[in-house]
2 protein chains.
Amino acid sequence: MTPTDSDRWVKTVTLPPPSLEDNTADADRLEAALKKALKTPTVNISPDLLKTIPDRMRAWNFRAKAVVFKDVSGRGMLVHLAPPDAAEALCGLAIDLGTTRVVLRIVDLSTGGHLGETVFDNPQIAVGPDVLARIHHVETPEGLERLNRLIVEGINAETERLCERCAIGRESIHLASVAGNTAMTHLLLGLNPRWMIREPYIPVVNRPDVVRAAELGLDLHPQARVLVFPNVGSYFGGDLIAGILHCDMDQREETAILVDVGTNAEVVLGNRHWMMACAGAAGPALEGGVTRMGTTAGPGVIDRIAIDPETLEFQIHTIEDQPPRGICGSGVIDLAAALFRSAVVDIRGKLVPERCGDRFSMRDELGHLTLVPANRSGTGEDLCISQADLDSLIRSKAAMYTILETITDSVGMQQNDLDTFFVAGTFGAYIDPVSAITIGMIPDLPLERYQSIGNSSLGGASRVLAEPDCFDRIHSIRDSITYMELNVNQDFMNRFSAAKFLPHTDTARFPSVTVP
Amino acid sequence: MTPTDSDRWVKTVTLPPPSLEDNTADADRLEAALKKALKTPTVNISPDLLKTIPDRMRAWNFRAKAVVFKDVSGRGMLVHLAPPDAAEALCGLAIDLGTTRVVLRIVDLSTGGHLGETVFDNPQIAVGPDVLARIHHVETPEGLERLNRLIVEGINAETERLCERCAIGRESIHLASVAGNTAMTHLLLGLNPRWMIREPYIPVVNRPDVVRAAELGLDLHPQARVLVFPNVGSYFGGDLIAGILHCDMDQREETAILVDVGTNAEVVLGNRHWMMACAGAAGPALEGGVTRMGTTAGPGVIDRIAIDPETLEFQIHTIEDQPPRGICGSGVIDLAAALFRSAVVDIRGKLVPERCGDRFSMRDELGHLTLVPANRSGTGEDLCISQADLDSLIRSKAAMYTILETITDSVGMQQNDLDTFFVAGTFGAYIDPVSAITIGMIPDLPLERYQSIGNSSLGGASRVLAEPDCFDRIHSIRDSITYMELNVNQDFMNRFSAAKFLPHTDTARFPSVTVP
């Protein structure tokens, strides 16, 4: 075993050649070497691989490169055998299985490096835009099969394209890992998620075992194995477990919080000793709220916005500097912060017509603020934000803040005690923490404590392909999480009401924010 | 779990129904119950079964009968789910995979009872009569595939017939166990045994993992699992491990010896603390020797023979009292003992013409003794035994005795110290210990220490289907056996020469035998 092997799923093994003194069978000899390399009490070798061992071992002079993996019980398994000096690519496929978007990344199993990446819309969108719509679709005839086929075929088609770009064959992919929410992973596994949305909200499985890619219909190497990240429950999926792995929360002495705002807001608080989690599905307003106005980032979409406090002129930045066509999540938060700072909205988030000037109009009995007039927009129409949009944003940010307050409070912590605040997801990547603090969406921590960690679900999924140690961590992370149901009780509602102001009714909590 | 469940592979489980307080996933809930019932740290549930769990658990009110099994690493697995009050048969198939004959037995997994049994010739006989001929056949094009197909199809066809007789469907068979010698199990697994007969005699695998019946081409329930008994090496197969299990040698405080005379002679000596084994393939004369003259037992075959010491009249018993057509193994040993007692042969086993009278003749320059004249035989020809046959028997019995002497000597024991002498196999079932002692084939122990245990290979194979505890014992038996290579050195040859007399050069070893 070369030194670099020790922390990869590819192991180069040299077997003692058989002799009259040591006449162990070929497979058992190989297993012994792999057990040592993988540090597992057993290594399973499938019947198909078994057949190839005697001739290969003799042809390769009792040396080989082996791709190995584990199952949930900690049992090792041999996945692939290659000649000891083979130049053949030995790859893994990390899958971030989002409700909206799916990201694939090819990982070099020998080095842990990334060979390429691709993003595509989850083809299940054709059936329903969100988790709930898709779960309802399962009740229709062949609904489950259709949803399963859509995602499996989607992954297959995109994997083929990605492999071409990376100049490898699909049969070079020996391992895959999938991090997604509980509903999405159920649909990929062909499992019926119908009981997840009915009290008491029971998934089919929390800890799916490692399966063959072929059993899932995935066109990789015929012997390839797939790890589907475990979930804590219907509302706390493998994507979050991957996120925790990605930011090493489970190994840090200091307490950190991880917030992932996607379709839901999911929050984990903890350190190497304990972890507490909750999900924003229980939040009354957050769901879909932040993103309702927003469009997916793309050319012409407003991602940064500021307002000159003197002239009240809007300073707008669009992606690729194209004429403005819409506004994305980070832009909406920037906008709300700017409107608040310049007193164009009041502390309730209501538009103040006299500060809006001719940007204000009433449409369908609802106040509107024009961000970009028709003659300068990319759509030929006014780009507006309505009072309803702003109200929705206020509810969303209040829900987010309330969730954060509730979870820290549940363990007797002050938000100020948080050592690190990890923000995950596309939303986290672009959000300006100053703006988010200004509107009171996130606590008023020193800015250096905020860390945007990008696609942490993909990060965790690729890490387990690069670092075998992460395999066991995934399952111990899952087992150490205490999931807290967010009860929308009087206490929660009181907190929520107090957070429905900019930045908060208790302004002392936001010393860095100057209320205009 | 009902009390009777605890020691079967069928477990009746009752799950705590899901609630808001306990919202574990259905599969994890079932796994937890099965782990407890099976006493394993994990229980794997295959993707196919996973899909069926939520609806079944709700339809069955969170109760079920589960067929479970284990793999070599001790991981549990769910094999089948049935309604809690189902009357459906839940069966296992025990296979004694002999080189010459294959025996199948259907075991009721719920009770451990036997539903039926069948015996058939190993269809690979068409390719070659013995292990060596079959291994050589593997070198021919498609040879391995042909041998594999012959045995798989043979088992399938006979299983179908046996199931019909037992009034069950093949899909009622959820578990199977296979005990056979190393070459036969390799051919069933489709593994190339070519390196087994070349120095240093390496099998492909010593401890095959539990596999799906479907992967082997066996037509049982689609989810059925197969345990192939492990082997100690090329010359000590799973049939012997099954034999040890069958007679509980691994659990006895007293030292016993187990002798299985089939195509080879295999011997295990030991108790719950240690086991020492060797196989008679290394014996120079035993191979084929005892059985060369013998024919398979059947109507008209001589199975008992005695000689009146006064008149020298032969008293012959044939199976079903038909006219004599041949002589089987036990008959040959009876014959040799009778010839020796009546001084028709001398202590070297040579025919004494003056004692043979007109039964003696020279044919092809070789002395012959007529057992049954043509006019009374079932074949219309004289039934004879030649001096060459007798010489061969002497070599065989000498080899057997030498092996027994060598193995007891290797651990510093006297043969008299043996508490129990288990004789396995068809041969063991019919042999008269008094005759075998008389010719010095086996040691002169009190008769009550001899125990004929019949088809111990089948016995062990069916026991592991009836008693889950036996599963782990199989592997610890395998690991605790010290296999002793029988070196045909000067020491062995000296012992062998001393044993080539009736009963032995050292007659003091056989006090019960009167030398005429």
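For the reader, a short list of remarks on this structure follows.
- Contact order relative to length of the range A:172-278, as percent, for alpha carbon pairs under 8 angstrom and 6 or more apart: 24 percent
- Here chain A carries DSSP beta bridges of which approximately 65% are antiparallel, counting only pairs with both residues inside.
- Antiparallel bridge percentage (DSSP; both residues within the range B:292-392; nearest 5): 90 percent
- Value of relative contact order over chain B, rounded to a whole percent, pairs C-alpha under 8 Å and six or more apart: 14 percent
- Across the range A:190-200, computed HN-Hα scalar couplings (Karplus, 6.51 cos²θ - 1.76 cosθ + 1.60, θ = phi - 60°) run x, 9, 6, x, 4, 7, 5, 9, 10, 3, x Hz from first to last residue, x flagging Gly and Pro.
- Label geometry 7 Å along the beta-carbon vector: B:Pro299 inter-copy distances in nm: 9.4
- Share of alpha-carbon pairs per 10 Å distance bin for the range A:3-82, given as whole %: 19, 56, 23, 2
- Legend: mean number of C-beta atoms from other chains within 10 angstrom of residue C-beta atoms, peptide B:74-80, equals 2.
- Gyration tensor (alpha-carbon) shape descriptor, the range B:392-514, a/c threshold 1.5: prolate
- Positive-end residue, chain A charge dipole about Cα centroid, Cβ charges, pick of A:Leu15, A:Cys163, A:Pro511: A:Leu15
- The mean number of partner chain beta-carbon atoms within 10 angstrom of a residue's beta-carbon across peptide A:40-49 is 4.
- For B:His80, nonlocal amide neighbours, meaning residues 5 or more places apart or on other chains whose placed amide H falls under 5 Å from its own, are B:Val67.
- Evaluated over the range B:91-228, the Cα radius of gyration and Dmax, each in Å: 14.9, 48
- Legend: residue pairs A:Lys36/B:Lys39; A:Lys11/B:Lys36; A:Lys11/A:Lys51, Cα-Cα distance threshold 32 Å; pairs beyond threshold, A:Lys11/B:Lys36.
- By Cβ position, the chain B residue that hugs the axis carrying B onto A most closely, with its distance in whole Å, is B:Arg75, 3.
- For the range B:364-413 versus the range A:362-411, the gap between their alpha-carbon centres in whole angstrom: 102 Å
- Distances in nm from B:Arg449 to the matching label points in the other copies, shortest first (labels 7 Å along Cα to Cβ): 8.2
- Extension gain, B:Tyr483-B:Gln451: 0.36 nm per intervening residue step, less the Cα-Cα distance, totals 9.2 nm.
- Couplings 3J(HN,Hα) of the range B:433-449, computed from phi: x, 4, 5, 5, 5, 4, 8, x, 7, 10, x, 7, 8, x, 4, 5, 7 Hz, in residue order, whole Hz [Karplus 6.51 cos²θ - 1.76 cosθ + 1.60, θ = phi - 60°; x for Gly and Pro].
- Relative contact order (%) - the range A:3-82, alpha-carbon pairs under 8 angstrom, separation at least six: 35 percent
- Counted over the protein assembly as shown, the DSSP beta bridges are approximately 65% antiparallel.
- Bridgeable aspartates and glutamates around A:Lys70 (alpha carbons under 15 Å apart, same-chain partners fewer than 8 residues away excluded): A:Asp7, A:Glu31, A:Asp209, A:Glu467, A:Asp469, A:Asp472, B:Asp71.
- About the Cα centre, charge dipole magnitude for the range A:289-392 (Lys/Arg +1, Asp/Glu -1 at Cβ), debye: 180 debye
- 16 Å Cα-Cα reach of B:Lys350 towards lysines, excluding residues that sit fewer than 8 places from it in its own chain: B:Lys397, B:Lys500
- Unit charges on C-beta of K, R, D, E only; dipole of the range B:404-470, Debye: 220 debye
- Alpha-carbon Rg/Rh ratio, for the protein assembly as shown, with Rh computed the Kirkwood way: 1.15
- Given charges at beta-carbon only (K, R positive; D, E negative), |dipole| of the protein assembly as shown in Debye: 80 debye
- Counting, for every residue in B:24-32, the Cβ atoms of other protein chains within 10 Å of its Cβ and taking the mean gives 6.
- Sorted peptide list for A:235-246, A:429-440, criterion being average Cβ within 10 angstrom, highest first: A:235-246, A:429-440
- Residues whose amide H falls under 5 Å from that of B:Leu383, counting only those 5 or more places apart or on a different chain, are B:Leu371, B:Val372, B:Ala374, with hydrogens built in the peptide plane.
- B:Gly169 label point (Cα plus 7 Å toward Cβ) to equivalent points in the other copies: 4.0 nm, shortest first.
- Measuring spread by the Cα atoms of the range B:292-392 yields a radius of gyration and Dmax of 12.5, 35 Å.
Quick note: the coordinates plus some simple rules give every number you see, no bench work behind them. Since the structure is predicted, the reported quantities are computational estimates derived from the model, not experimental observations. Cβ coordinates were reconstructed from backbone atoms using ideal geometry, including for glycine residues, and neighbour counts include every protein chain displayed.
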